[in-house]
Amino acid sequence: MKPLILDGKTLSQKIREELKAEVESIVSSGGRRPGLAVVLVGDDPASEVYVKNKINACKRVGIESFFYKLERSTLTEELLEVIAELNAREEVDGILVQLPLPSQIDQREVILAISPEKDVDGFHPENMGKLVASMEDGFIPCTPLGIDLLLSHYGIDVKGKDVVIVGAGFIVGRPLSLLMLWRDATVTVCHIHTKDLKKHTLGADILISATGVPGLIKSDMVREGAVVVDVGITKVDGRIVGDVDFEAVKEKVSAITPVPGGVGPMTVTGLLMNTMKAYRRRTRSHSTSMMKP
Ligand code: GUN
């Protein structure tokens, strides 16, 4: 049985075309261009690649980007000053501080400092809380948002399904578990302390792995006919590989994401969508407040 390949690259192109048309229409009728501030601290090569991809994606859809590259030795207070400036800047709709941050920086303080209205990563507790409460007006973190769009585009309904997430990280696993609950799935979250990973993964209708451990998910850990979503992006010998042993696993599943070309582009598309959502909300609330006497 040939599995359905969940093609995030093609879906991303389609969504980005729509966003581009929206931006062009705003700008041609005299509106301000949406803007995203991207902050990179230090020179981690992987982070530099991710940030470059995000900035290029913005450019292609017509979103203006404001790039802040700070020294590796930057202190928490210095980064907080930059965030305060970005919170106040009118033309900045979204703020993204690339993680991980150097160890001397207090990541929690940084996330708390970002205005929830501009928090396009969805990491601020106000937005995480809205995810817990299934409130539409928050920002859903970009990778969970991208996975949700990819599954629904291919008609994969998670309602009532056993969704097993491997990895309980702050950026993907945790918020994704809340989003899948929102979508009425039965959710299991496995992590580094899980006693018997295979016992759980074998029970999955939909298995989502977000660990960054290449080849962690082997064929004998996957149920026949399952849907497999691979969030892993790891460079091994100059090649990008996922968490899933793709060649063996694809033989027994009904659908699977490739790496690259699956979840990766959908994450960037999630960021563009969140930036547009922030822009629409900010411009709408401005025009409303201007109408007030
Ligand atoms: N590092 C890895 N993934 C992400 C992400 O989605 N957002 C940010 N800000 N940093 C990341």
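The values are calculated or read from the model by the stated rules, or taken from the named source; none is laboratory data. What you see is a predicted model; the values in this text were computed from it and never measured. With ideal geometry, Cβ positions are generated from the backbone for all residues, glycine too; neighbour counts draw on all protein chains shown. Remember, those area values only see protein heavy atoms, side chains included, never the ligands or the DNA or RNA. Shrake-Rupley method; radii C 1.70, N 1.55, O 1.52, S 1.80 Å.
Numbers for the structure displayed
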item	result
Stretch gain in nm, segment E251-D157, where the contour uses 0.36 nm per residue and the Cα spacing is subtracted	31.6 nm
Three-way shape call for region 1-125 based on the alpha-carbon gyration tensor, with the a/c threshold at 1.5	oblate
Cβ-derived FRET efficiency at R0 51 Å, K218 paired with E22, nearest 0.05	0.75
Helix 8-28 vs. the chain, principal-axis angle (Cα, 0 to 90°, nearest 10)	10 degrees
Projected label distance in nm at T76 and L112, using a 7 Å step from Cα toward the beta-carbon	0.8 nm
Solvent exposure of region 122-163 as accessible area per residue, Å², 1.4 Å probe	41 Å²
Set of lysines near K2 by C-alpha distance (under 25 Å), chain-local residues within fewer than 8 positions excluded	K14, K159, K161, K198, K218, K250, K252
GluC sites (Glu not before Pro) within region 1-76, DSSP loop, no more than 14 other Cβ atoms inside 10 Å	E71
Label point distance in nm, E90-Q13, each placed 7 Å from Cα along Cα→Cβ	3.9 nm
Taking the C-alpha atoms of region 162-289, convex hull volume expressed per residue in Å³	126 Å³
Taking all pairs of distinct alpha-carbon atoms in region 97-222, Kirkwood radius in angstrom	15.6 Å
Solution diffusion estimate, µm²/s, Stokes-Einstein, the chain, Kirkwood Rh from C-alpha pairs, 37 °C, viscosity 0.692 mPa s	165 µm²/s
Virtual spin-label span in nm between Q104 and N53, 7 Å along Cα→Cβ	3.0 nm
Accessible area expressed per residue, region 172-211, with surrounding protein chains retained (probe 1.4 Å, Å²)	50 Å²
Estimated FRET transfer efficiency when R0 is 41 angstrom, pair M1-R280 (beta carbons, to 0.05)	0.45
Full-extension gain in nm, K235 to K198, via 0.36 nm per residue minus C-alpha separation	10.8 nm
Student exercise, region 152-274 dipole from Lys, Arg, Asp, Glu Cβ charges, in Debye to nearest 20	220 debye
Estimated 222 nm signal from helices in the chain, with DSSP H stretches of n ≥ 4 weighted -39500 (n - 2.57), rounded to 500	-13500 deg cm²/dmol
Charge sum, other residues only, whose C-beta stays under 10 Å from I26's C-beta, Lys/Arg counted +1 and Asp/Glu -1	+1
10 Å Cβ shell holding at most 12 others, DSSP loop, trypsin sites (Lys or Arg not before Pro): longest site-free stretch of the chain	196-293
